[in-house]
């Protein structure tokens, strides 16, 4: 299998390339910086269309930034190359641009490629449905270079809570006199060091507290999941897919 990797000089790009090497998967590194990484010359992102056309990768794996991801999705649609993206922080308009690309090629989007987070999402839904009236707080921590807040994974978990139970809105942090309102979800974001990703949902009520927590110890967790997704999506029909379909296969 041959996989193009955008953002190849970034944290996640390098993790994907490292995981691919362990699997014996060939990679085509692409980077806006066009730097040399671990013995590979990364093609400049401005030449992505030519790379996709001439090298015909089975899929492109993308962990970059929303604007860049939309550009890469359009290039994939033009070249007929499936796209797997774990970029987060998209606006509604940018998500729509990705969906337009999925009219032409398979697009698999997931804010998190961890199998454990997929299980966490299921448990959060069960807890929200089974514990009506409990206070709910979400806390997430990532490295100090992460730009979007809350994280894409936190947003997914919050959506799950809102779909599963009766909530009145989100409160992002608290300051001064700000008593808790019934039905609100407290959201707290921390950015520090090189934390790969930690998410905790707290449910409190009826004189008891339930916490559901996931912590990623290595970016390799996400890289492995993205490569699993690339292998799964390669050769499929054009359409919009998610990581849950990969895990269910």
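Quick note: the coordinates plus some simple rules give every number you see, no bench work behind them. Given the structure is predicted, the values throughout are model-derived calculations rather than measurements. No Cβ is skipped: glycine too gets one built from the backbone with ideal geometry, and neighbour counts run over all protein chains shown.
Ellipticity at 222 nm from helices only: DSSP H runs of n ≥ 4 in the chain, each -39500 (n - 2.57), divided by the residue count, give -11500 deg cm²/dmol. As a length-normalised measure over Cα pairs under 8 Å and 6 or more apart, the relative contact order of the chain settles at 22 percent.
Against the main long axis of the alpha-carbon atoms of the chain, helix 11-23 sits at an angle near 60°. Each of 12, 1 was scored by other Cβ atoms within 10 Å of its Cβ. Listed from fewest to most, they are 1, 12.
Of all the options 158, 48, 210, the one that moves most in a Gaussian network model of the chain with Cα springs shorter than 10 angstrom is 210.
Taking other C-beta atoms within 10 angstrom as a stand-in for reagent exposure, 172, 199 fall in the order 172, 199, fewest first.
Considering all alpha-carbon pairs of the stretch 115-215, what whole percent are spaced by more than 22 angstrom? Here the long-distance tail beyond 22 Å is 27 percent of all Cα pairs in the stretch 115-215. What angle do you read, to the nearest 10 degrees and between 0 and 90, between the alpha-carbon axis of helix 152-164 and the longest principal axis of the chain? Long axis of 152-164 versus the principal axis of the chain: about 50 degrees. Packing-based ranking of 216-225, 68-77, 239-248 yields 68-77, 216-225, 239-248, ordered from highest to lowest mean Cβ neighbour count within 10 Å. Residues of the stretch 149-165 falling in the label zone of residue 206, defined by backbone nitrogen less than 17 Å from a point 7 Å along Cα to beta-carbon, are 165. Normalised by residue number, the volume inside the convex hull of the Cα atoms of the chain is 135 Å³ per residue. Each Cα pair under 8 Å and six or more residues apart adds its separation to the average, and for the stretch 125-249 the resulting relative contact order is 30 percent. When the Gaussian network model of the chain links Cα atoms closer than 10 Å, the mean-square fluctuations of 205, 197, 235 top out at 205. With a 10 Å cut-off between alpha carbons and a GNM built on the chain, which of 14, 94, 178 moves the most? For the chain, modelled as a Gaussian network with Cα springs under 10 Å, the answer is 178. Computed from Cα atoms, the angle from the helix 92-101 axis to the main principal axis of the chain rounds to 40 degrees.
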